1. Report those strands (runs of 3 or more DSSP E) wholly inside the stretch A:89-153 carrying at least 2 residues which are at pLDDT 90 or above and buried (at least 18 other Cβ atoms within 10 Å of the Cβ).
2. Looking at B:GLU99, B:GLU82 in this structure, which one is out of contact with any Cys (no Cβ under 8 Å at 6 or more places or on another chain), at the interface with chain A (Cβ under 9 Å from one of its Cβ atoms), in contact (Cβ under 8 Å) with a residue 12 or more places away in the chain and of a type outside the set (S, T, N, Q)?
Protein chains: 2
Amino acid sequence: MAKMLLENQESFLIPAERVAHIQMTNRLDHALLVLTKIGYNVIPVLDTEYKLRGLISMPMIIDAITGIENLNFDKLGDIRVEEVMQTDFPVIDNPYELEEVLHLLVRYSFVCVASDDGSFTGIVTRSEILKATNRIAHEFENKYEVKRKIECV
Amino acid sequence: MAKMLLENQESFLIPAERVAHIQMTNRLDHALLVLTKIGYNVIPVLDTEYKLRGLISMPMIIDAITGIENLNFDKLGDIRVEEVMQTDFPVIDNPYELEEVLHLLVRYSFVCVASDDGSFTGIVTRSEILKATNRIAHEFENKYEVKRKIECV
């Protein structure tokens with residue numbers, strides 16, 4: 001099955017031009033509107049040279065404006081994305097090891113792919129992997145004969 | 001592979017008592033704090049009898065307070081969750097058809113499971129399925145002999 005997934009590896013990558021992103025210097029109010037509009041929880045943060053620099057999520061934004069007693073919404077226009085973004089997250093090279101990605105996707109809803117110089121290449125998502133798994137599960141029984149090596153009693 | 005996933009079916013379900021939820025009559029400010037605290041994008045909405053009634057997400061909350069020019073944060077304390085929650089979403093019975101769930105998970109990050117009377121049983125997530133897929137991919141080549149039925153030339 002691993003081999004069958006590998007045959008489809010190229011199609012898992014959603015290329016950078018089809019992935020919404022936010023700039024580091026954008027303010028949190030802009031980031032919040034972008035996240036609301038696209039309906040995602042987390043998106044990549046890039047610098048002006050389209051290099052991958054972080055991830056920003058709705059919980060990170062709300063957390064940044066959460067005071068002791070209430071939410072300070074006035075702060076949304078003051079804080080820059082780079083001040084609250086997550087910078088410690090896995091980034092993989094292209095071509096990537098599918099097995100490594102499958103393990104990362106247990107914890108992360110998507111994994112970022114970047115080239116050696118940090119340029120953002122795209123993302124691999126849980127959804128794309130599940131799509132392929134469904135397709136392969138269907139094809140599998142038509143194409144292959146499967147036998148248990150040791151019969152269980 | 002479908003059969004191997006089926007053998008693990010029970011372990012995919014995260015039971016209701018381990019899933020954060022929100023009550024229908026909670027206000028949006030409370031919902032926003034719960035979503036921020038747990039770091040999820042979407043969670044189930046239950047009524048006082050623990051019946052599943054909807055889903056609420058951060059984008060739904062922010063969208064509800066988005067005016068023509070800006071965000072009306074004052075409204076967060078006024079609007080009830082039941083006014084903005086999503087009520088049109090797939091709910092499956094337990095025991096469920098794994099194949100159906102796999103297809104739903106391409107579009108939804110989790111699928112809700114409920115009993116006939118609407119009582120919330122739990123959720124099946126992409127993450128749990130991917131965890132099992134990783135494990136099975138490993139076990140597969142040890143336990144089974146796989147042959148192509150028709151050789152490709």
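1. Working: elements: A:110-114, A:120-125, A:144-148.
So the answer is A:110-114, A:120-125.
2. Working: B:GLU82 fails: at the interface with chain A (Cβ under 9 Å from one of its Cβ atoms).
It is B:GLU99.
This table checks each residue for (1) more than 9 Å from chain B (Cβ to nearest Cβ); (2) in contact (Cβ under 8 Å) with a residue 60 or more places away in the chain; (3) part of a helix (DSSP H, G or I).
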site	(1), (2), (3)
A:HIS30	yes, no, yes
A:LEU33	no, no, yes
A:THR36	no, no, yes
A:ILE43	yes, no, no
A:GLY54	yes, no, no
A:PRO59	no, no, yes
A:ASP63	no, no, yes
A:GLU69	yes, no, no
A:LEU76	no, no, yes
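The values are calculated or read from the model by the stated rules, or taken from the named source; none is laboratory data. Quick caveat: nothing in here was measured; it's all calculated off a predicted structure. Every residue, glycine among them, receives a Cβ derived from its backbone with ideal geometry; neighbour counts consider all protein chains shown.
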